[in-house]
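I have placed the structure first, in the form of structure tokens, so that the comments after it can refer back to it.
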Amino acid sequence: MSHHSLNGYIIDYVEIYAPMSKALAYWHTQALGFTVEAYADHETGMPNVSSYVLASKDIRLVLTSSYPTGHGTVNSEISSYIAQNYCGVRRFALRTSSVKEAFEKSVANGAVPSKFPTVTSDEWGTIEEAAIKLYDHSEIVFINRDDYSGPFKPGYMPRKASASKETTGLECVDHIAAEVRINEISFWTRYLTNTIGTSLVQSIQRNEENKTGMILNINQSPDKNLTLVMAEPDTYTKKSKIQQNIDRFGPGIHHLAFATPDIINTIRVMKQNDVDFVSFPPSYYELLRSNPEFSGIDIDALEEHGILIDKEDDTYLLQKFIKPISERPFFLYEIVQRVNGYNGFALKNINVLKRAEEMEIIKAEVK
């Protein structure tokens, strides 16, 4: 199935709906090193909406809120999403040279349309967009900006870049990860394969070795620029972190991973900016030290910075998670560095972390 209408799967933007986008944009610039490129609000002709476009190299995040005006009106599409999800990824957009073709082909192959092809224009030109449904509350947008020279989209004005702080080095969206219900993972994998042409490149299935409590599918575009990770609970009878998340917060996009060429420097700068990271048990690093596979790696440096590692032959992946950005602890950011062309997803790491957690429990009992 050819998908030549998608120009090599470039992620144009990822839009996050959240309360107080202005404050959230400030955190992204001050803590994570993004710059604000454009904004939309009542001044630019968008009543009830406040939206900020942030960039870091090839990453473009759009943070959007809705607020009531004197008459109490809000943008119901944004406010109902926020009422249900508080803060999360509403959509991501893929660039294409023909929105109509990409949209029609995807719908013919089973996509559920959520926005028919629409053209908007302003003094900078025109943008065409259409969208298909993804998961419970998200969508994939097809966007063509070939005839647009403006800052982002009609309704947005450019924002003068402020003096930048030390760069954190975030370069691109590495993957978009979701947690879905039992028996949904194969449905969404087929859906994505049929509608946008990604394919299943790796998975963890139910088996004896898999102690993670989850099944994992990695879907990737042929050029590896778009990677969608999905996890589902492997059973409803045993306790599973993913099932707990879904019970409490519902299914959906759980994290965005950003790639950096130098994770230690990225973490150093973010720590100076008071970013809170997820920490992992010391037993994790004990397990690494006892594994001959990692003999050439500086485990002390990894432990000092709280970095996870997964190794395949002479390639490896370094990972670090930033604590959830909102009060609802479901949606978070991950930072990754891929070394020597590592292209896996640290599937082994999940089991190692599980063992490390068990070791910590045993240690606590011994005390």
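The values are calculated or read from the model by the stated rules, or taken from the named source; none is laboratory data. The structure displayed is predicted, hence computed values, not measured ones. So basically every Cβ, Gly included, is an ideal-geometry build from the backbone, and we count neighbours across all protein chains shown. Areas reflect the complete protein model, heavy atoms only, side chains present, ligands, DNA and RNA absent. Shrake-Rupley method; radii C 1.70, N 1.55, O 1.52, S 1.80 Å.
Note on the stretch 241-279: residues that are without any contact (Cβ under 8 Å) to a residue 40 or more places away in the chain and in a strand (DSSP E or B) amount to 0. Looking across the stretch 197-212 at every residue that is open to solvent by 50 Å² or more (accessible area, probe 1.4 Å) and hydrophobic (A, V, I, L, M, F, W, C), the one that is modelled with the highest pLDDT is identified as Leu200.
Conditions tested, residue by residue: (1) modelled with pLDDT under 95; (2) closer than 15 Å to Asp12 by Cβ; (3) not hydroxyl-bearing (Ser, Thr, Tyr).
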residue	(1), (2), (3)
Ser65	no, no, no
Ile78	yes, no, yes
Tyr86	yes, no, no
Val112	no, no, yes
Phe116	no, no, yes
Ile127	no, yes, yes
Asp147	no, yes, yes
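Only one of the listed residues (Pro158, Pro117, Pro113) is more than 30 Å from Ala31 (Cα to Cα) and more than 23 Å from the chain's Cα centre (by Cα). That residue is Pro117. Residues in the stretch 273-302 that are under 28 Å from Thr167 (Cβ atoms), at pLDDT 90 or above and open to solvent by 70 Å² or more (accessible area, probe 1.4 Å): how many? Residues in the stretch 273-302 being under 28 Å from Thr167 (Cβ atoms), at pLDDT 90 or above and open to solvent by 70 Å² or more (accessible area, probe 1.4 Å): 4 in total.
When you go through Val89, Val53, Val14, Val62 one by one, which is the residue that is of a type in the set (Val, Ile, Thr) and surrounded by fewer than 22 Cβ atoms within 10 Å (Cβ to Cβ)? Testing whether each residue is of a type in the set (Val, Ile, Thr) and surrounded by fewer than 22 Cβ atoms within 10 Å (Cβ to Cβ) leaves just Val14. If we scan the stretch 314-325, do we find a residue that is in a loop (DSSP other than H, G, I, E, B), farther than 18 Å from His175 by Cα and open to solvent by 20 Å² or more (accessible area, probe 1.4 Å)? Yes, because at least one residue in the stretch 314-325 is in a loop (DSSP other than H, G, I, E, B), farther than 18 Å from His175 by Cα and open to solvent by 20 Å² or more (accessible area, probe 1.4 Å).
Table: residues versus (1) over 23 Å from Gln220 (Cα atoms); (2) touching a helix residue (DSSP H, G or I) at 6+ places or on another chain (Cβ under 9 Å); (3) basic (Lys, Arg); (4) at pLDDT 80 or above.
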site: Ser326; (1), (2), (3), (4): yes, yes, no, yes
site: Pro329; (1), (2), (3), (4): yes, yes, no, no
site: Gln337; (1), (2), (3), (4): no, yes, no, yes
site: Gly341; (1), (2), (3), (4): no, no, no, yes
site: Gly344; (1), (2), (3), (4): no, no, no, no
site: Leu347; (1), (2), (3), (4): no, no, no, no
site: Val352; (1), (2), (3), (4): yes, yes, no, no
site: Met359; (1), (2), (3), (4): yes, yes, no, no
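May I ask you to list the residues in the stretch 229-244 that are modelled with pLDDT of 90 or more and of a type in the set (Gly, Ala, Ser)? Answer for the stretch 229-244, where residues must be modelled with pLDDT of 90 or more and of a type in the set (Gly, Ala, Ser): just Ala231.
Within the stretch 88-110, the only residue that satisfies the criterion of being farther than 18 Å from Ile10 by Cβ and among the polar types (S, T, N, Q) is Asn109.
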